[in-house]
Structures are given as structure tokens and as C-alpha cells.
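Inspection log for the structure reproduced underneath, given as C-alpha cells.
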Amino acid sequence: GAVVSQHPSRVICKSGTSVKIECRSLDFQATTMFWYRQFPKQSLMLMATSNEGSKATYEQGVEKDKFLINHASLTLSTLTVTSAHPEDSSFYICSAAKGGEKLFFGSGTQLSVL
Amino acid sequence: QQQVKQSPQSLIVQKGGISIINCAYENTAFDYFPWYQQFPGKGPALLIAIRPDVSEKKEGRFTISFNKSAKQFSLHIMDSQPGDSATYFCAAAYSGSARQLTFGSGTQLTVLP
């Protein structure tokens with residue numbers, strides 16, 4: 001299957017700092033990528049849809065100024081959690097669509113804000 | 001209308017048994033139904049997917065059964081193994097959504113040795 005690389009896998013930061021998470025499609029071009037958030041033992045919650053060369057579309061209730069998304073190329077999307085607070089601690093996962101329908105996920109990033 | 005309801009929340013099966021997870025959807029516009037497997041601390045991995053024009057799809061030990069009239073679909077894992085212990089998510093999407101998936105709530109499967 002296609003490979004979606006997500007980095008870092010784990011990050012610990014102090015409250016008030018910003019953290020950037022990268023999502024790369026390694027063997028295909030992805031015009032659309034998605035960012036999810038997942039709390040322990042819960043399902044994936046879609047945060048935003050990232051489109052190459054245009055502004056991301058955020059889901060209702062997701063603060064676009066806190067979760068900055070940049071999709072500067074067909075293989076890279078980044079999520080920056082700005083001024084992180086403990087309540088932002090979560091597992092963040094990206095995904096990319098290959099071809100018509102198959103969606104492939106990154107390995108996730110566990111963010112812990114102290 | 002965007003909901004996908006998944007059951008059971010957790011499932012314990014003996015090695016060699018059959019694991020069955022069920023999902024129901026509401027939006028009849030959905031036309032793509034994948035199942036994902038997720039291990040702790042990892043992203044979901046696509047297991048198998050089906051379109052509504054077929055009633056069953058089998059890949060190895062994994063089978064999706066699809067009932068369009070009932071708006072239900074299920075995952076069957078034959079000869080379940082301890083290595084299958086993971087969380088399983090069903091999902092649904094529709095054309096024109098850029099494959100924006102609606103996920104079920106997940107099923108924690110434990111296969112006892």
C-alpha cells in the first residue's frame with residue numbers, strides 16, 4: 001500500500017509553545033490531506049481538510065488560529081499547534097487520498113503539553 | 001445523517017474463533033465502506049473496503065458483508081488470532097467528498113490465546 005509518513009511520532013512541549021507536525025505522502029501525490037484528532041479509546045475526529053495550494057477547510061468547533069494547516073506541495077502538509085495548552089494533548093493523525101478512493105494514514109503523533 | 005453506528009464496543013474471542021463487528025449507516029449517499037485496523041500508538045491501516053454494488057467481499061481471513069436495504073455492513077474475521085487484537089473502525093464516505101470518511105466509534109477486539 002501507499003506510504004504516508006508522519007513526523008514526529010511523539011512530542012512533549014511546554015505550555016505556550018508551538019509544535020509543528022509534518023505529514024508526507026512518500027510514493028504518491030496527494031492534492032487533499034486530512035488531519036484528525038483522537039482521544040484515548042475514542043474514534044477519530046476530523047479536524048480539517050488540507051488542499052494543496054489553498055486554504056484548509058476546518059470542521060465546526062476547530063479553531064483555525066490555533067491549528068494552522070499548510071499544504072504547500074502535493075506531498076507535504078503540516079499542522080502547527082500554536083500556543084499549546086494541556087488540553088491540546090492528544091493523538092494527531094494525518095491521512096492522504098491516493099487515486100480515487102483509498103485513504104492512507106500516517107502513524108500518528110502523540111502530543112503531550114506540560 | 002452522517003452517523004455511522006458501530007457495535008459492539010468491545011469483543012473477546014478465543015483463538016480460532018470468528019470475530020464479527022457490525023456497522024449501520026444512515027446516509028444513503030454513502031458509496032464506499034472501508035474497515036480500518038488500529039494498534040495502540042499507531043495510525044489506522046486500511047484492511048478491506050466494499051462498494052454497495054456487491055454484497056460480500058473477502059480478502060484472506062477478512063470478509064465484509066453488505067446489506068444495502070438494511071443500511072448495514074459487517075466485518076468477519078475468520079480463524080481469529082492473538083495478533084488480530086486491535087481496535088477496528090468501520091467508516092463510510094460518498095462521492096464528491098474527497099474521501100472524507102465518517103468513522104464508527106470503534107471496537108476493541110481481544111483474541112485470547
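Annotations
- Any chance A:SER90 is under 27 Å from B:ILE50 (Cβ atoms), of a type in the set (Ser, Thr, Tyr) and more than 9 Å from chain B (Cβ to nearest Cβ): no
- Among residues of the stretch B:59-86, those that are touching a Gly at 6+ places or on another chain (Cβ under 8 Å) and buried (at least 18 other Cβ atoms within 10 Å of the Cβ), counted: 1
- The residues of the stretch A:64-85 that are part of a loop (DSSP other than H, G, I, E, B) and touching a residue at least 40 places away in the same chain (Cβ under 8 Å), listed by number, are A:LEU74, A:THR75, A:THR82, A:SER83, A:ALA84, A:HIS85.
- B:PHE89 at pLDDT below 95 and either within 14 Å of another protein chain (Cβ to nearest Cβ) or surrounded by fewer than 17 Cβ atoms within 10 Å (Cβ to Cβ) (or both): no
- Being in contact (Cβ under 8 Å) with a residue 40 or more places away in the chain, within 27 Å of B:TRP35 (Cα to Cα), of a type outside the set (A, V, I, L, M, F, W, C) and loosely packed, with under 14 Cβ neighbours inside 10 Å is a property that A:GLN110 lacks.
- Evaluation of A:LYS66 against (1) surrounded by 14 or more Cβ atoms within 10 Å (Cβ to Cβ); (2) at pLDDT 90 or above; (3) touching a strand residue (DSSP E or B) at 6+ places or on another chain (Cβ under 6 Å); (4) farther than 21 Å from B:PHE103 by Cα (one fails), failing number: (3)
- Residue within the stretch B:1-14 that is within 18 Å of B:ILE77 (Cβ to Cβ), outside any loop (DSSP other than H, G, I, E, B) and without any contact (Cβ under 8 Å) to a residue 60 or more places away in the chain present: no
- For the stretch B:33-64, the set of residues classified as farther than 23 Å from A:GLN42 by Cα and β-branched (Val, Ile, Thr) consists of B:ILE50, B:VAL54, B:THR63, listed by residue number.
- Any hit, the stretch B:52-61, residues being over 14 Å from B:ALA29 (Cα atoms), within 13 Å of chain A (Cβ to nearest Cβ) and in contact (Cβ under 8 Å) with a residue 40 or more places away in the chain: no
- Elements of the type strands (runs of 3 or more DSSP E) sitting completely within the stretch B:15-73 and holding at least 1 residues that are over 17 Å from A:PHE105 (Cα atoms) and under 13 Å from the mean Cα position of the chain (by Cα): these cover B:19-25, B:45-50, B:56-59, B:62-67.
- Test: residue in the stretch B:65-80 that is at pLDDT below 95, more than 9 Å from chain A (Cβ to nearest Cβ) and within 17 Å of A:LEU46 (Cα to Cα): no
- Total residues in the stretch A:6-63, condition assigned to a strand (DSSP E or B), surrounded by 13 or more Cβ atoms within 10 Å (Cβ to Cβ) and not polar (S, T, N, Q): 20
- Criterion: among the polar types (S, T, N, Q) and either more than 10 Å from chain B (Cβ to nearest Cβ) or more than 14 Å from the chain's Cα centre (by Cα) (or both) - qualifying residue of A:THR78, A:THR49, A:THR32, A:THR57: A:THR78
The values are calculated or read from the model by the stated rules, or taken from the named source; none is laboratory data. Bear in mind that the values here come from a model prediction, so they are computed numbers and not experimental data. Positions of Cβ are generated from backbone atoms using ideal geometry, with glycine treated the same way; all protein chains shown enter the neighbour counts.
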